[in-house]
Amino acid sequence: MSKGKKLIAYVGCNHVANFEGGGISVFEVSEDGSSITPLPGGVEDMPKRAGYLAYAPKAKVLYSVDERKTDGRGPKKPASCVLSFKVDPESGKLTFLNSQPSLGAMPASITVDEEKKLLFTANHGFFDHVVKVVETADGKWVEKFEYDDSTVVQYGIAEDGSISDVQDVFVLTGYGTDPNDSPQGGGHAQASPHAHIVVIDPSGKFLVVCEKAGERIYVYRIGGKRLELASVYQCPAGTGPRHAAFDNKGRMFMTCEFSSELWSFDFDATSGVLSFIDKQSTLSGFKGRNETATLQVHPNGRFVYMNNRGQDDVVWFSISEDGHLKKAGRVELSKSEDPKDATRCMTLSPDGAFLLVPDRPADVIRSYAVDPNDGSLKAMTEVPVQNPVFIQFVEL
């Protein structure tokens, strides 16, 4: 962390089980992560289903998704949307700026390119299907099954950092086995597209989107008013690409939700083409239902961290010079009855000195010191937070 800076952690809280709260909480974190202090200035009333957050440091604006599905033509509850909040440079207090429709159900991820004044979201869509009865051209009546659209959306950003109009929407197509034998979504986890992550590569030229139903990684060239598809990487059936992150060498790492694997890729920053390097299992003898979630790459480029939902732990891997992976250790998290309610995110501090984990089943945020030599984690402290989901660090 920069000397003299105050480190703030914004925590997005989301609905799970019978919890009806939400919003974004504010904490000050010590330089070494050993102390986490609640601060006033968060927002409790919106968004109720705060998930992913993103920050624009020059404008001092925090962006959030409201991870819900609009409840029909005449919604009684707030519609699915993305929101912007001004960050007070002294206190970290959040002030609502504006919101825009998500143009898709269950926005799962958000990222910002402040230089290009662009904001991107991935809308996951829900698993439920509807049955439509339609007449065919030859006069027969059949059942047609329809699902939510999953979309990648590009917004502009106004001078004050608020979210301006939608510039482009990419509606994803394709699906896997429908229905399948997975307990996720009642067997409909791959019946329609489900985009999980939007991440900008280190060159700033490309946007990467992982979509788990068609099991594809989409790469878009960005910078104009439209998303330009640059490449598509097709993963094998049964993998379920979920989350991705880049290291300081421009390589990409990805979790596979269905196969419980971590993958590494070379990434061509000229063409936007991915080249597979390695994959490793994220499990340690666990035999039950498991779904991988997010990942974080250490700033030194030597370690990558990911978490399992089912095995319920954080696992770290060492990264070789050529991008191959070796499992190096794990720490257990609180157990969940269902992977969908488990811990699903974690965030390294800007300098990589510690890792904060929003342990949802226990309603706490846990802090772990990171050993820069072997990547190992050592528990330091924890603070109670009701249903924490995502953590965004901001230096003030």
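No value in this document is a laboratory result; all are computed from the given coordinates. Everything numeric here is computed off the predicted structure, so don't read it as measured data. Ideal geometry is used to build each Cβ from the backbone, glycine not excepted, and the neighbour counts take in all protein chains shown.
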So is ASP181 in contact with a helix residue (DSSP H, G or I) (Cβ under 8 Å, 6 or more places away or on another chain), farther than 21 Å from TYR52 by Cα, of a type in the set (Asp, Glu) and assigned to a loop (DSSP other than H, G, I, E, B) or not? yes
Name the pairs whose Cβ atoms lie under 6 Å apart, with the first residue in region 257-285 and of a type in the set (A, V, I, L, M), the second buried (at least 21 other Cβ atoms within 10 Å of the Cβ) and in a loop (DSSP other than H, G, I, E, B), and 6 or more positions between them or separate chains? LEU262/THR282; LEU283/SER260; LEU283/GLN311
Which one is nearest to ILE200 (Cα to Cα) among residues in region 245-296 that are crowded, with 18+ Cβ neighbours inside 10 Å and in contact with a helix residue (DSSP H, G or I) (Cβ under 8 Å, 6 or more places away or on another chain)? GLU291
Among GLY104, GLY139, which is at positive phi and either aliphatic (A, V, I, L, M) or in contact with a Ser or Thr (Cβ under 7 Å, 6 or more places away or on another chain) (or both)? GLY104
For ASP313: the one exception among (1) farther than 20 Å from SER260 by Cα; (2) surrounded by 16 or more Cβ atoms within 10 Å (Cβ to Cβ); (3) acidic (Asp, Glu): (1)
Which strands (runs of 3 or more DSSP E) sit wholly inside region 114-175 and have at least 1 residues that are among the aromatic types (Phe, Trp, Tyr) and surrounded by 17 or more Cβ atoms within 10 Å (Cβ to Cβ)? 118-123, 151-157, 163-171
Consider ALA195 against the criteria (1) free of Cβ contacts under 8 Å to residues at least 24 places away in the same chain; (2) closer than 16 Å to THR111 by Cβ: it satisfies all of them except one. Which criterion is unmet? (1)
Being among the charged types (D, E, K, R) and either in contact with a helix residue (DSSP H, G or I) (Cβ under 8 Å, 6 or more places away or on another chain) or surrounded by fewer than 18 Cβ atoms within 10 Å (Cβ to Cβ) (or both) is the filter here, so list the residues in region 364-384 that pass it. ASP371, ASP374, LYS378, GLU382
